[in-house]
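Below is one structure, written out as structure tokens; the observations come after it.
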Amino acid sequence: MITLDDTKTRIIAAAIKAVRQYGLEGVRIQNVSELAGISAGAIYRHFDGKDQLLAECFTYVDKQAAEIFERLKFNPLVMLTDPMGAIKSLWLPYFRFWTSHPDETVFYHRFRDSTFFPKYDKNRDVSYFKTFIGMVCIFKKVFPSLDKMNQDLLWLHVLTSTVMYAKYVVEGTLPNNRETEDTVFQLLTTGLSGYLKPDKLQKTRRK
């Protein structure tokens, strides 16, 4: 669970909302102060400045997203009978997290696409995604062809596309319904089916 004191949580929530209203570059500590209902001085008692505040906001949202996978029940056997269904069972709660958190979605998308992110990413600790990473490792053991894909491109495609489409939903460009979810998933996974063949099946076909 994410545990922060109440004041710090209020500041982070206000900063995320402020970024949605004023933009990442345009937001000011005063904007956050007004939305949080506390003084600017109180914010500086918790954060060195805007850059640190934004970085902690991203980490806070990132950890919330990671917690989704802690709550999911994952049956590896389903991968053999319905690999796409197994992937969708993991992806759909993740997509729905973003579509149900508008401020966080817009903030996350803007931060990842900003000049702040490369510096932040160099020292980023993603250990809180260990459950998700464990699930990915199981997939790759069952479907070793996945290793033939460029891993950075694969996960960048899945992550950025998921958040981007969720942003379209929360901004009203796309409807928030099952059809949108199914279409987005289909777009994301196009081209994956050829890699989702168990190792034994691939060896049989080579004989």
- Item | Accessible area of the chain divided out per residue, in Å², using a probe of 1.4 angstrom | 57
- Message: Quick check: the angle from helix 178-189's long axis to the longest principal axis of the chain, C-alpha only, nearest 10 degrees?
- Response: 70
- Item | Probe 1.4 Å - accessible area at S193, Å² to nearest ten | 80
- For helix 6-22, report the angle its Cα long axis makes with the longest principal axis of the Cα atoms of the chain; keep it between 0 and 90° and round to the nearest 10°. 80
- Item | Estimated dipole of the range 72-162 in Debye, rounded to 20 [Cβ of Lys and Arg +1, of Asp and Glu -1, Cα centre] | 160
- Message: I'd like the accessible area for D182: 1.4 Å probe, protein heavy atoms, all chains in place, Å² to the nearest 10.
- Response: 60
- When the solvent-accessible surface of protein heavy atoms is calculated with a 1.4 angstrom probe, in what order do C137, C57 fall, highest first? C137, C57
- Modelled label-to-label distance, L154 and A42, 7 Å Cα→beta-carbon offset: nm? 4.7
- Which of the trypsin sites (Lys or Arg not before Pro) found in the range 1-79 are in a DSSP loop and have at most 11 neighbouring Cβ atoms, other than their own, within 10 Å? K73
- Relative contact order %, the chain, counting alpha carbon pairs below 8 Å whose residues are six or more apart: 22
- For the range 4-106, what is the convex hull (Cα atoms) projected area averaged across all directions, in square nanometres? 7.5
- Query: Once both axes come from the Cα atoms, what is the angle between helix 50-71 and the longest principal axis of the chain, in degrees from 0 to 90, rounded to 10?
  - Reply: 40
- Message: Suppose the chain between Q21 and R178 were pulled fully straight at 0.36 nm per residue; how much longer would it get relative to their current alpha carbon spacing?
- Response: 53.7 nm
- Message: As a test question: what accessible area, to the nearest 10 Å², does S100 have when a 1.4 Å probe is rolled over all protein chains in place?
- Response: 70
- Query: Per the helix-only calculation at 222 nm, which mean residue ellipticity applies to the chain, given -39500 (n - 2.57) for every DSSP H run of n ≥ 4 and division by its residues, nearest 500 deg cm²/dmol?
  - Reply: -22000 deg cm²/dmol
- Could you tell me the largest-minus-smallest coordinate of the C-alpha atoms of the chain on each of the three principal axes, in descending order and whole angstroms? 71, 35, 30
- For the pair D51 and C137, the simple spin-label estimate (label points 7 Å beyond Cα toward Cβ) gives in nm 3.5
- Quick one: compute the contact order of the range 88-207, relative version, from alpha carbon pairs under 8 angstrom and 6+ residues apart, as a percent. 39
- Could you state the per residue volume, in Å³, of the convex hull enclosing the Cα atoms of the range 65-143? 109
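The values are calculated or read from the model by the stated rules, or taken from the named source; none is laboratory data. In this text the structure is predicted, and so the values were computed from the model without any measurement. Because the Cβ atoms are built from the backbone with ideal geometry, glycine has one as well, and the counts that use them run over all protein chains shown. These area figures cover heavy atoms from the full protein model, side chains too; ligands, DNA and RNA do not enter into them. Shrake-Rupley method; radii C 1.70, N 1.55, O 1.52, S 1.80 Å.
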